[in-house]
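The values are calculated or read from the model by the stated rules, or taken from the named source; none is laboratory data. Only a predicted model underlies this, so the values are computations on that prediction, with no experimental measurement involved. Backbone-built Cβ (ideal geometry, glycine too); neighbour counts: all protein chains shown.
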Amino acid sequence: MEWTSSTGRKILLQEGDITCAEADAIVNAANSALAGGGGVDGAIHRAGGPEIMRELDGIRAKTGGCPTGSAVATGAGRLRARYVFHAVGPVYRDGRRGEPELLAACHRKCLEMAEEKGASTIAFPAISTGVYGYPVEEAAEIAIREAKAHLERPDVKLQEITFVLFGRHAHGAYAAALKR
């Protein structure tokens, strides 16, 4: 499924493995310690190799980690991408503790970094919807809203945002959000 902005830029949805995505940048659903983990984070580190963690070690030594709602960039190691943006989404509690704004902020930060790096394509997973417990339907609305808003801006280099979603449920939720 796809959506095309008034500026001719696209949002695409695909079900699959983000480590196989062909994009200038892929987004990792990271933790604030930038210490690696399971799910998307573990898959990206396994596929990308130890170079990614070495870069994160350097970032952690300087900054101590990454706050929720933000992201940091590394190279992509053995992945097809040039960059990995390690985005820290919120742990979902009840949706009334700033979670929506933090989730939107980490998407915006990745889109800003894509512009700074000159990326024309970026691939996102469904950030925070795994072990962080964010309801996928709510996360999809936020992610799609931020992507559409970014692509409608006249001054952006980014041409294509792909959401690479694990499983039918996530794909269906993002497809419903994209149709609205």
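Couple of notes before you dig in:
- The set of residues in the range 1-19 that are surrounded by 14 or more Cβ atoms within 10 Å (Cβ to Cβ) and of a type in the set (A, V, I, L, M, F, W, C) comprises Trp3, Ile11, Leu12, Leu13, Ile18.
- Scanning the range 122-150 for residues that are under 15 Å from the mean Cα position of the chain (by Cα) and in a helix (DSSP H, G or I) yields Val136, Ala139, Ala140, Glu141, Ile142, Ala143, Ile144, Arg145, Glu146, Ala147, Lys148, His150.
- Filter pass, Ala87 being within 13 Å of Ala30 (Cβ to Cβ) and crowded, with 21+ Cβ neighbours inside 10 Å: yes
- All of (1) touching a strand residue (DSSP E or B) at 6+ places or on another chain (Cβ under 7 Å); (2) under 26 Å from Glu15 (Cβ atoms); (3) modelled with pLDDT of 95 or more; (4) crowded, with 20+ Cβ neighbours inside 10 Å hold for Arg82 with one exception: (4).
- Matching strands (runs of 3 or more DSSP E) fully within the range 1-92 where at least 3 residues are under 13 Å from the mean Cα position of the chain (by Cα): 25-29, 71-75, 83-87
- Residues in the range 153-180 that are within 24 Å of Gly130 (Cα to Cα) and charged (D, E, K, R): Arg168, Lys179, Arg180.
- Contact map, the range 91-111: first residue over 16 Å from Cys66 (Cα atoms), second residue buried (at least 17 other Cβ atoms within 10 Å of the Cβ) and among the small types (Gly, Ala, Ser), Cβ cut-off under 7 Å, separation 6 or more or different chains; pairs are Tyr92/Ser128.
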